[in-house]
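The values are calculated or read from the model by the stated rules, or taken from the named source; none is laboratory data. As the structure is a computational prediction, the values presented were derived from the model and not from experiment. All Cβ positions, glycine included, derive from the backbone under ideal geometry; neighbour counts span all protein chains shown.
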DNA sequence: CAACTGCATGACTATATAATCATGTAGTTG
DNA sequence: CAACTACATGATTATATAGTCATGCAGTTG
């Protein structure tokens, strides 16, 4: 049986990959069908589909069917908050490493 | 060369693993030496050391030497914010899945 | 300086992950 | 119903990751 900590790791893992981050970024403005997503992030349809299903399973995305198309959306708006905080940390890290370079 | 999105994935990856989450949780109250950390999270010293070094490299932890001991600490307080948000999402997910069970 | 302490790392194993190509399938349309 | 569209999935490959055991190494102490 999965513990609470495993669930937390699953959510974070669902965000911790470049292709998936690109998808999250693209879904910021709202739901999109797969046919829009994979060209936008420049990945294969099959690969994109796997990542979408993975994020669906871990509870990061939600899915809606409409005719032939399937629309994915960010399920919890908090996810975007996380991504934004990470962006902030990265900026701090980069400017810090930049300072270290200048010091040499 | 690494892109910004790769750096973001690296930070998230550093958090997206049960053993590392346990370490983060244990470091909430401040810096600790390795000799305190690995018994607290009930992992081998070598394994703990690898995870600590990994989180150090990705910028999640900082390190301080003092005699024989090496103290690790959470470098960016924002990291705790992220973990807290994830906990919130997990709780929402679990209560939602609980509702689904009742519906059956 | 010999023995010890605290941590890191090499070598290895088992497992997970990401990506690709080909194919399958549900639903739509002429 | 045949052809098509949009998406998912099987099979495979290459690479990454987590963990273990043994060993190395820096710094401390008697």
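With respect to residue B:100, determine if the residue is more than 13 Å from the chain's Cα centre (by Cα), modelled with pLDDT under 95, within 14 Å of another protein chain (Cβ to nearest Cβ) and surrounded by fewer than 19 Cβ atoms within 10 Å (Cβ to Cβ).
Working: more than 13 Å from the chain's Cα centre (by Cα): yes; modelled with pLDDT under 95: yes; within 14 Å of another protein chain (Cβ to nearest Cβ): yes; surrounded by fewer than 19 Cβ atoms within 10 Å (Cβ to Cβ): yes.
The answer is yes for residue B:100.
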Of all residues in segment A:13-29, how many are under 13 Å from residue A:54 (Cα atoms) and free of Cβ contacts under 8 Å to residues at least 24 places away in the same chain?
1
Qualifying positions in segment A:62-83 - within 12 Å of another protein chain (Cβ to nearest Cβ), without any contact (Cβ under 8 Å) to a residue 40 or more places away in the chain and surrounded by 12 or more Cβ atoms within 10 Å (Cβ to Cβ)
A:62, A:75, A:76, A:78, A:81
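Regarding residue B:88, is this residue within 11 Å of chain A (Cβ to nearest Cβ), in contact (Cβ under 8 Å) with a residue 40 or more places away in the chain and either within 14 Å of residue A:5 (Cβ to Cβ) or surrounded by fewer than 17 Cβ atoms within 10 Å (Cβ to Cβ) (or both)?
Numbers: within 11 Å of chain A (Cβ to nearest Cβ): yes; in contact (Cβ under 8 Å) with a residue 40 or more places away in the chain: no; either within 14 Å of residue A:5 (Cβ to Cβ) or surrounded by fewer than 17 Cβ atoms within 10 Å (Cβ to Cβ) (or both): yes.
For residue B:88, the condition - within 11 Å of chain A (Cβ to nearest Cβ), in contact (Cβ under 8 Å) with a residue 40 or more places away in the chain and either within 14 Å of residue A:5 (Cβ to Cβ) or surrounded by fewer than 17 Cβ atoms within 10 Å (Cβ to Cβ) (or both) - is not met.
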So residue A:77 fits all but one of (1) more than 16 Å from DNA strand C (Cβ to nearest atom); (2) more than 19 Å from residue A:8 (Cβ to Cβ); what number is the exception?
(2)
Whether any residue in segment A:20-41 is closer than 19 Å to residue B:90 by Cα, within 14 Å of chain B (Cβ to nearest Cβ), modelled with pLDDT of 95 or more and in contact with a strand residue (DSSP E or B) (Cβ under 9 Å, 6 or more places away or on another chain) is what I want to check.
yes
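Would you pick out the residues in segment B:42-54 that are without any contact (Cβ under 8 Å) to a residue 40 or more places away in the chain and either more than 13 Å from every other protein chain (Cβ to nearest Cβ) or near DNA strand D (Cβ under 8 Å from one of its atoms) (or both)?
From segment B:42-54, those without any contact (Cβ under 8 Å) to a residue 40 or more places away in the chain are B:42-53; that's our starting set.
B:43, B:44, B:45, B:46, B:47, B:48, B:49, B:50, B:51, B:52, B:53 - these are the residues of segment B:42-54 that are without any contact (Cβ under 8 Å) to a residue 40 or more places away in the chain and either more than 13 Å from every other protein chain (Cβ to nearest Cβ) or near DNA strand D (Cβ under 8 Å from one of its atoms) (or both).
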Could you list, in sequence order, all residues of segment A:1-12 that are crowded, with 20+ Cβ neighbours inside 10 Å and at the interface with another protein chain (Cβ under 7 Å from one of its Cβ atoms)?
A:7, A:8, A:9, A:11, A:12
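A quick yes/no check of all residues on (1) near DNA strand C (Cβ under 9 Å from one of its atoms); (2) farther than 28 Å from residue A:22 by Cα:
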{"position": "B:3", "(1), (2)": "no, no"}
{"position": "B:14", "(1), (2)": "no, no"}
{"position": "B:32", "(1), (2)": "yes, yes"}
{"position": "B:40", "(1), (2)": "no, yes"}
